[in-house]
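Enquirer: What follows is a structure written as structure tokens; I'll ask about it next.
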Amino acid sequence: MANKKPKQNKPKTGLARCLELASNKKGLVFLSAILSSLAAIASFVPYIAVYFIISSILKVYPNLELLDMSKVMNYGWIALAGIIANILLYFLAIFSSHMAAFGTLYELKLHFAEHITKIPLGYHLTIGSGRLRKIMDENIESIEGFIAHQFPDFVASVTAPIVMVIILLAIDWRFGIASLVGIVLAFVVQFSGFGSGAMKENMGKYQIALEDMNNASVEYVRGMPVVKAFNQTASSFARLEHAIKEYTEWVLKFSLGWQNYMPAFTTIINNIYLVIVPVGILLGANAQDYKSFTMTFIFYLLFVPAIAGILNKIMYISESFMQIDGNVARMDEIFNIPVLPQTTSPKKTQKDDVVFDNVSFTYTGKKEEMAIENVSFKANQGQITAIVGLSGGGKSTIANLISRFWDVTEGSVKIGGVDIRDISEKDLMNHVSFVFQDIFLFKQSILDNIRMGNPNATEEQVIEAAKAAQCHEFISKLPNGYKTVFGTKGIHLSGGERQRIAIARAIIKDSPIIVLDEATAFSDPENEYLIQKAFEKLMQNKTVIIIAHRLSTIRNADKIIVMEKGHLVEEGKHNELVAAGGRYSQMWNHYTEAVDWKISGKAV
């Protein structure tokens, strides 16, 4: 007999997923549900009290002097008590749900922020900052709003119709059935709209279009200098224009999808009395006890308008359910991205050499789209290893694999003979320092920005590192020196200045392995020379890997590796490679020609 495959649990969505996220606050959530149900029940008390008041009046009519005013007043107090109980219970329900929602939001945002730090860096590049911002600021925030507001309303919207149906059928089943005809018809119209596949599809595509527009907007704002420089407008920025049009298209489709359902639903729930009146006329013509019939008829005419409020709340909740389904799905797309696996038995490395052993890697997961393929080399401890090549050759990919921003597809990257997948994340990060092309400075003091390399560093150590990175002089000229907050009051730094602060971070971290990806790309010739001299002094006995386009910066490297189209094509010292007349020699010739190039008015 074949073994049965274990049944896989279907991922939770919508309400079930929200309650799962709020599981640590389930006591408050449960309390909110009870209080909301009691509030819904209390909301019907005034109608029952009014029914008995009408009954008391009609029983003695027209001899109103026989009316028991004390009983009528008691019913009045009961009606008032019902109103107060409804308000108080609902307030307590909302208070409880808000306490649960805020606690859940706090934990969820921390969990989300922690998760995105553990997924491969490539996902940050492909997802886009605009989409991640929307998920954290809007999608996750909507979960808080759903637990705080929509959940208590959902419980009330479930309880209220049950109580309402009981009352409608208990007073007079004939009027009750007539009322239910209108209610059922309204429900049919409502769920025809919400339950249609087209509506769900439109909501999903609307969410995607909104995320794309956020991404495009962020990119447009970041590229504003280019837009201004070339006298472009938003409409000429193709991606943003397309994203806005896509968003507009799906907003209109989603909104216009209700053009028939909404008017029909609103018309029905606000005019159920049109069903009650004909039934009342037919029943009244044959009524034996006219006073009793009149009392019941008046009660239903008074009670039926309340049905509209109840059903409107249900429609509002139904729309919220459809939105929260999409919001939770967007959030879980990120949570479902697998984190880089961490070893349960971390190993310590004794040496600081870096070895690529037949490494292949693809960003897309497709073997025919390898970024690098079968790359093997060794960066010896205490030496400088330079990696050069044309754009797209795989240089930066090698730098990212050393830091384990991604895991290799095939082969292994080793430090001191230990596969980096067998080194704990903390040890690996302490072992390697990075300076990349794109430098990000936080909106805090220059001192703290440099100190990120070593949070325990003293101010004197920070200044020493800044001097070694050739940035002490310009920092000293800032309004508050090292205490100057970057990005405030017009305080901005040039590309080269930011680059040198990043180098100071790496210097103060004092890791045995240093990866420099275009570390001197924004330096002028004078500072480039000074930085190179600083590197020679401060990086002794360290494993240095330099990714460079500017070949003059790596002439003295102990080893130069030449990459082309993802393959290692040459390896050796500068003089050896130039003499070999291969790919590096061609690059060097082109580089020296470019250095000697002079501006002229003649076309080439």
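Enquirer: Please order L283, L64, L35, L252 by the number of other Cβ within 10 Å, starting at the fewest.
Expert: Lowest to highest Cβ neighbour count: L64, L252, L283, L35.
Enquirer: Which is farthest toward the positive dipole end of the stretch 354-595 among I560, L428, A379, measuring Cα position about the Cα centre, with Cβ charges +1 (Lys, Arg) and -1 (Asp, Glu)?
Expert: Going by the Cα projections, it comes out as L428.
Enquirer: Can you sort D68, D332 so the residue with the fewest Cβ neighbours within 10 Å comes first? Provide the component values of the computation, followed by the final result.
Expert: Details: D68 11, D332 16.
Neighbour counts put them in this order, fewest first: D68, D332.
Enquirer: What are the residues whose amide H is under 5 Å from the amide H of I560, where those residues sit 5 or more places off or on another chain and H is modelled from the backbone?
Expert: A386, G572, K573
Enquirer: Order these peptides, 141-149, 166-174, by their mean beta-carbon neighbour count within 10 angstrom, highest first.
Expert: Order by mean packing, descending: 141-149, 166-174.
Enquirer: For the stretch 550-558, take each phi angle, set θ = phi - 60°, evaluate the Karplus expression 6.51 cos²θ - 1.76 cosθ + 1.60, and give the result in whole Hz per residue in order, putting x for glycine and proline.
Expert: 7, 5, 5, 6, 10, 4, 8, 4, 5
Enquirer: Per 5 Å bin, what is the whole-percent P(r) computed from every C-alpha pair distance within the stretch 383-502?
Expert: 2, 9, 17, 18, 15, 13, 12, 9, 3, 1, 0
Enquirer: Counting DSSP beta bridges in the stretch 354-595, what percent are antiparallel, to the nearest 5? Each step should come with its number before you reach the end.
Expert: Details: 19 of 37 bridges.
Taking every DSSP beta bridge with both residues in the stretch 354-595, the antiparallel ones total about 50 percent.
Enquirer: Sticking with this structure for a sec: What dipole magnitude, in Debye to the nearest 20, does the stretch 312-372 give about its Cα centre under +1 on Lys/Arg Cβ and -1 on Asp/Glu Cβ? Don't skip to the answer; put the middle values down first.
Expert: Details: 7 positive and 9 negative charges, 44 e Å.
About 220 debye.
Enquirer: Could I have the simple spin-label model distance between D137 and E107, label points 7 Å from Cα toward Cβ, reported in nm to one decimal?
Expert: Modelled inter-label distance: 2.7 nm.
Enquirer: To continue, here is another question. Which semi-axis lengths, in whole Å and largest first, follow from the square roots of five times the eigenvalues of the Cα gyration tensor of the stretch 354-595?
Expert: Whole-Å semi-axes of the equivalent ellipsoid: 31, 22, 16.
Enquirer: With unit charges on the beta carbons (Lys and Arg positive, Asp and Glu negative) and the dipole taken about the Cα centre of the stretch 354-595, which residue among G393, F474, T364 sits farthest to the positive side?
Expert: F474
Enquirer: Something else about it: Using Cα-Cα distances under 8 Å and only pairs 6 or more residues apart, what relative contact order does the stretch 354-595 have, in percent? Write out the running numbers ahead of the final one.
Expert: Values: 426 pairs, mean separation 67.7, N = 242.
Relative contact order of the stretch 354-595: 28 percent.
Enquirer: If we sort 563-575, 381-393 on the protection proxy, mean other Cβ atoms within 10 Å, highest first, what's the order?
Expert: 381-393, 563-575
Enquirer: Oh, and also: Ranked highest first by the average count of other Cβ atoms within 10 Å around their residues, in what order do 91-103, 344-356 fall?
Expert: 91-103, 344-356
Enquirer: Based on Cβ point charges of +1 for Lys and Arg and -1 for Asp and Glu, what charge dipole magnitude is obtained for the stretch 354-595 about its Cα centre, in debye rounded to the nearest 20?
Expert: Here the stretch 354-595 has a charge dipole of around 460 debye.
Enquirer: Please tell me which of these pairs span more than 29 angstrom C-alpha to C-alpha: K245/K443; K509/K559; K26/K134; K118/K483; K483/K542?
Expert: K245/K443; K118/K483; K483/K542
Enquirer: Next up: Sorted from fewest to most neighbouring beta carbons within 10 Å, what does the list E241, E20 look like?
Expert: Listed from fewest to most nearby Cβ atoms, that is E20, E241.
Enquirer: Once Lys and Arg get +1 and Asp and Glu get -1 on their Cβ, which of S320, Y273, F293 lies farthest toward the positive end of the dipole of the stretch 242-352?
Expert: Comparing the listed Cα positions along the dipole, S320 ranks first.
Taken together, the values in this text are just the output of simple stated rules run on the coordinates, not laboratory data. Computed from a predicted model, the values in this text were never measured in an experiment. Backbone-built Cβ (ideal geometry, glycine too); neighbour counts: all protein chains shown.
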